[in-house]
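The structure appears below as structure tokens.
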Amino acid sequence: MSTTILGASLAEQPRRRASLLRRMRRYPLPTIGALLLILLVASALGAPWIATHDPFEMNVVDRLQPPNADYWFGTDAYGRDMFSRTLHGGRVSLVIGIAVAVASTIIGLVIGVIAGYFRLADAILMRIMDGLMAIPGILLAIALMSLTRASVWVVVVAITIPEIPRVVRLVRAVVLTVREQIYIEAATAIGTGFPRLMLKHILPNTLAPLIVQATYIAASAVLVESYLSFLGVGTPPEVPSWGNIIAEGRLYVQIAFWNILFPSVFLGLMVLSINILGDGLRDMLDPRLARRL
Amino acid sequence: MTETPVLQVDGLVKHYPVRGGLFGRAVAHVRAVDGISFAIAPGETLGLVGESGCGKSTVGKAILRLVEPTAGRVTLEGEDITALGRAAMIAKRRRMQVIFQDPYSSLNPRMTAGDIVQEPLVNFGIGTRAEQRERVDALFARVGLRPDQRRNYPHEFSGGQRQRLGIARALALGPSIIIGDEPVSALDVSVQAQVINLMVDLQEELKLSYLFVAHDLGVVEHISHRVAVMYLGKIVEIAPRAALFETPLHPYTEALLAAVPVAHPRLRRKRIVLKGDVPSPINPPPGCRFHTRCPIAVPLCREVEPPLIANAAGHAVACHLRSA
Amino acid sequence: MAFDAAEAPVLVVDGLRTEFATGEGPPSVAVHDLSFTVRRGETLCIVGESGCGKSLTALSILRLLPRPYGRIGAGRVLLDGQDLAQISDAEMRAVRGRAISMIFQEPMSSLNPVLTIGRQIAETVMVHEQLDWSACMGRALEMLRQVRIPEPERRLQEYPHQLSGGMRQRVMIAMALVCRPRVLLADEPTTALDVTIQAQILDLVRDLQQETGTAVILITHDLGVVAEMAERVLVMYAGNKVEEGSVTEIFDAPTHPYTRGLMAAMPHLGGGQGHRGRLNEIPGVVPALHARPPGCSFAPRCPLVLDKCRVEAPPLLGVGGTHAAACWVTAGNA
């Protein structure tokens, strides 16, 4: 009634015309998250240039050095520079985060749309998804590792598979809700065929929640990668990743805590910034929800 | 009527299964529409009235095959469309269009007004893009919207303007009949008048037929040539407008008319108020479905369902005690 | 009328101004300088289209405006002499449901789906009166009987979803009246109902009002409901009172161009407009809250508009009896 009309006019008018700067002022927290993430991504991408040392170079003389002017984050048990290793470790996390998010979103979208639109497929596909969800990612990774050689791509597959059902459920829920909307009936009545109905009327509604979900998946993939590497079933040990750096460092934690501290802080900041960004995106993409908060 | 009707409906039935039990089998059926028949002539408006849950909206959807009818036949311009396949049905949609009740949810919020009205033309590949745009401009002008509003999104329009957009979309394909599912009941009175006048003008201009589904008897009396009254999935009375409103025969029609608020405080009266609620369409009462609330019911009404019998003037009523 | 007309009014709304904060800039005024009174046993209908401020008026009286945006900017709401705009939130809670009750358009969303009907009514009593639970349930039962719900003992144990729309609205009325309020605010109570059920509910409200002497403020967009129910009528447009008077005054001689337009726009049964004659249209739409014109807010849509109307808003001008309208052309002599 009159109150909702008012609410809509208050919220929607600025939304369309707001410049990027105004948006950033309106949503300070996601802006901080985004800036932090950009910094972390830049440091990972730029690692070969920013790094002060070769991350693989061993200086046995300088073993377990505390942070100093030469080794900013100290050195590990082999005398490798922690700063360089931490930056390079970010590259693995980044690749895995993005690859898992993209792969699970695309696969999940396709399956979700089919499940949401076709009754018969729904029953079968959703039971398969339930089955997939029951598989613990870590066990799956261990199984895959024992079948093949350890590589980053095996890790990606191992993390992606358990994420797919979550995306499928999300997409399916949106499709099920949207297909009941009257404008879908209206589109049918004016002779809109199935492909166009999907592309123009149904899929655009899944975009916003998918983007948000993808950020959460990326964050959780980064975390799971480090679990797996920590347990020795993830990224092969010769590639520095935050997980296996922490795993190696844990042996010396009592005498060289920095071996764990810096990769952990980077890992934490990466996950935190992605999650903050995801929350912010959700609020920006769904202004109705944001208004209620 | 010697002309071929634009739309003829014979014994239309739509039952919705109520699923339950371990395996989701149908344990009962909602008899939303339970065997109704009528015809609409070219340029004619048939008003379809009844209370919520009587199945009047389902009739519209079943005719459009937005829901698949359980039984019965729908004939559009002489051709049976109930058995048509998907592609053939899409082709038929050019001739039969719909206007929905809710001007907010019946327009895709992510499409511009221009795209919404253009979409039917795109679907049927009518004309080049430029010709389509010209047609959209003409349609905008015809329903009283400014052509520059085509770039706006639905939320930037008022309720009445959105309903105009819905009408423009329905007109785009040049249909012979438009089914209006409560097209004005979500609108304010002053805007409702604008939309009703527009619909009447368009009918005269384009020789359109309307099936006008509504619950507001005042609006239905205003716009219809003939009126059908539905109760629990059945038509209980169907008659030319004047006959129905001046000499209603079915006790339900009488009660419905008596329940409408008066137009002037001096006309306040003690009226016969129908007792109770509409029974569930899952287990409609046997015999005449209205007998549970009927003030004049006799034992026969509980056992035998009265047939719908018409007189020479086209006034038909389904009642054991009243005949046309 | 069964009650003394000279009696002091139960509710006096005086210069009510309801505002909404807009972030930047001055607040939007949703209800502008609204005054009216209601007496015991009287029915006042507030009529207008969506966005006219009629629902916000009710929410202002009950201090239920959406926070933090909405607030009462000025004016008094006097219930038996006590200004509701000034009392504390705790005192206001004691007034709601006891001295003033409200029923809403959508009975399903106003009832708690997980509590039985009986419990919900009894709790209303419990909150306001020092009675034990069985006495409260007794009152609930008595009230269900009074709103003529068949088999009240059984209904007491049922949940809202087991009732039909009409039954739910009866339950809402029972809940609203169980503490014998002085004023009942009914916001579009029959809009979601079918005509035959609407007739039942309107009859019920009228009968209960005669039994209890509750003053009723009925908010509606339906002139038919006004003609059935009202003693006095207040017509609102874009946050302003544009016309007021007794129901016969308004229907016999609608004065404000908006009231006239509204009456002519409504198709009614046997309306004598002749079949398929043109309905009167009011061109344009209600101005948005933040874009109300200076001068008379109806001026952009008015067929009789003068230059003066666009500059200076007309005050309420008497046109005889209790009848007054805010129009330079039809009520004043411009």
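The values are calculated or read from the model by the stated rules, or taken from the named source; none is laboratory data. Please read all numbers here as calculations on a predicted model, not as lab measurements. No Cβ is skipped: glycine too gets one built from the backbone with ideal geometry, and neighbour counts run over all protein chains shown. Heads up: the accessible areas ignore ligands, DNA and RNA and are worked out on the full protein's heavy atoms, side chains in. Shrake-Rupley method; radii C 1.70, N 1.55, O 1.52, S 1.80 Å.
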Exercise for the section: Return yes when C:Val183 is surrounded by fewer than 24 Cβ atoms within 10 Å (Cβ to Cβ) and in contact with a strand residue (DSSP E or B) (Cβ under 8 Å, 6 or more places away or on another chain) and no when it is not. Expected result: yes
Exercise for the section: Quick one: C:Lys241 ticks every box in (1) more than 9 Å from every other protein chain (Cβ to nearest Cβ); (2) open to solvent by less than 10 Å² (accessible area, probe 1.4 Å) except a single one, so which number is it? Expected result: (2)
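Filtering the range C:144-167 down to residues that are within 30 Å of C:Leu84 (Cβ to Cβ) and surrounded by fewer than 22 Cβ atoms within 10 Å (Cβ to Cβ), which residue is nearest to the other protein chains (Cβ to nearest Cβ)?
First pass over the range C:144-167, keeping only residues within 30 Å of C:Leu84 (Cβ to Cβ): C:144, C:146-147, C:160.
Checking the rest, the ones that are also surrounded by fewer than 22 Cβ atoms within 10 Å (Cβ to Cβ) come to C:146, C:160.
Details: C:Gln146: 17, C:Pro160: 15 Å.
So the residue we want is C:Pro160.
Given A:Leu203, A:Leu170, which one is modelled with pLDDT of 90 or more and either touching a helix residue (DSSP H, G or I) at 6+ places or on another chain (Cβ under 8 Å) or more than 10 Å from chain B (Cβ to nearest Cβ) (or both)? Outline the logic, then answer.
Values: A:Leu203 fails: modelled with pLDDT of 90 or more.
It is A:Leu170.
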Exercise for the section: Determine, yes or no, whether B:Ala71 is more than 14 Å from chain C (Cβ to nearest Cβ) and open to solvent by less than 60 Å² (accessible area, probe 1.4 Å). Expected result: yes
Completion exercise
Selection from the range C:210-235 of residues away from chain B (no Cβ under 13 Å), under 17 Å from the mean Cα position of the chain (by Cα) and not small (Gly, Ala, Ser) yields C:Thr214, C:Val216, C:Ile217, C:Ile219, C:Leu234
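Could you say which residue among B:Pro285, B:Pro281, B:Pro307 is open to solvent by less than 80 Å² (accessible area, probe 1.4 Å), of a type outside the set (S, T, N, Q), within 14 Å of chain C (Cβ to nearest Cβ) and within 26 Å of the chain's Cα centre (by Cα)?
After ruling out the rest, the residue left standing is B:Pro281.
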Handout entry: Lone qualifier among A:Thr105, A:Thr148 - being over 16 Å from the mean Cα position of the chain (by Cα), among the hydroxyl-bearing types (Ser, Thr, Tyr) and open to solvent by 10 Å² or more (accessible area, probe 1.4 Å)
Key = A:Thr148
Practice task
Among the numbered conditions (1) more than 10 Å from every other protein chain (Cβ to nearest Cβ); (2) part of a loop (DSSP other than H, G, I, E, B), tell me where C:Arg260 comes up short.
Solution key: (2)
Exercise for the section: Could you tell me which residue of the range C:55-78 is farthest from the other protein chains (Cβ to nearest Cβ), considering only residues that are in contact with an Asp or Glu (Cβ under 8 Å, 6 or more places away or on another chain) and in a helix (DSSP H, G or I)? Expected result: C:Ala58
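Please pick out the residue among B:Val236, B:Val191, B:Val227, B:Val220 that is touching a Gly at 6+ places or on another chain (Cβ under 8 Å) and at pLDDT 95 or above.
B:Val227
Does A:Ala186 count as buried (at least 24 other Cβ atoms within 10 Å of the Cβ), small (Gly, Ala, Ser) and over 18 Å from the mean Cα position of the chain (by Cα)?
On the way: buried (at least 24 other Cβ atoms within 10 Å of the Cβ): yes; small (Gly, Ala, Ser): yes; over 18 Å from the mean Cα position of the chain (by Cα): yes.
When the stated conditions are applied, A:Ala186 passes them.
Of the residues that sit in the range A:220-245 and are in a helix (DSSP H, G or I) and surrounded by fewer than 22 Cβ atoms within 10 Å (Cβ to Cβ), which one is nearest to the chain's Cα centre (by Cα)? Full working, then the answer.
Initially, the range A:220-245 is screened for residues in a helix (DSSP H, G or I), giving A:220-231, A:242-245.
From the residues that got through so far, the ones that are surrounded by fewer than 22 Cβ atoms within 10 Å (Cβ to Cβ) too are A:220, A:223, A:227, A:230-231.
On the way: A:Ser220: 6, A:Leu223: 9, A:Tyr227: 15, A:Phe230: 19, A:Leu231: 21 Å.
Ranking the qualifying residues of the range A:220-245, first place goes to A:Ser220.
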Exercise for the section: Quick one: count up the residues across the range C:136-178 that are of a type outside the set (Asp, Glu), over 10 Å from C:Ile117 (Cα atoms) and outside any helix (DSSP H, G or I). Expected result: 6
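So which of C:Gln130, C:Gln105 is at pLDDT below 90, closer than 27 Å to C:Thr220 by Cα and open to solvent by 10 Å² or more (accessible area, probe 1.4 Å)? Break it down into steps so the answer makes sense when it comes.
Details: C:Gln130 fails: closer than 27 Å to C:Thr220 by Cα.
Result: C:Gln105 is the single residue among C:Gln130, C:Gln105 that is at pLDDT below 90, closer than 27 Å to C:Thr220 by Cα and open to solvent by 10 Å² or more (accessible area, probe 1.4 Å).
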Handout entry: For B:Val227: the one exception among (1) surrounded by fewer than 22 Cβ atoms within 10 Å (Cβ to Cβ); (2) part of a strand (DSSP E or B)
Key = (1)
Handout entry: Flag if B:Leu139 is part of a helix (DSSP H, G or I), within 22 Å of C:Glu281 (Cβ to Cβ) and under 20 Å from the mean Cα position of the chain (by Cα)
Key = no
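Kindly evaluate A:Arg196 against the criterion of being more than 13 Å from the chain's Cα centre (by Cα), closer than 30 Å to B:Asn123 by Cβ and either surrounded by 15 or more Cβ atoms within 10 Å (Cβ to Cβ) or basic (Lys, Arg) (or both). Write out each step before concluding.
Values: more than 13 Å from the chain's Cα centre (by Cα): yes; closer than 30 Å to B:Asn123 by Cβ: yes; either surrounded by 15 or more Cβ atoms within 10 Å (Cβ to Cβ) or basic (Lys, Arg) (or both): yes.
Judged against the criteria, A:Arg196 is a match.
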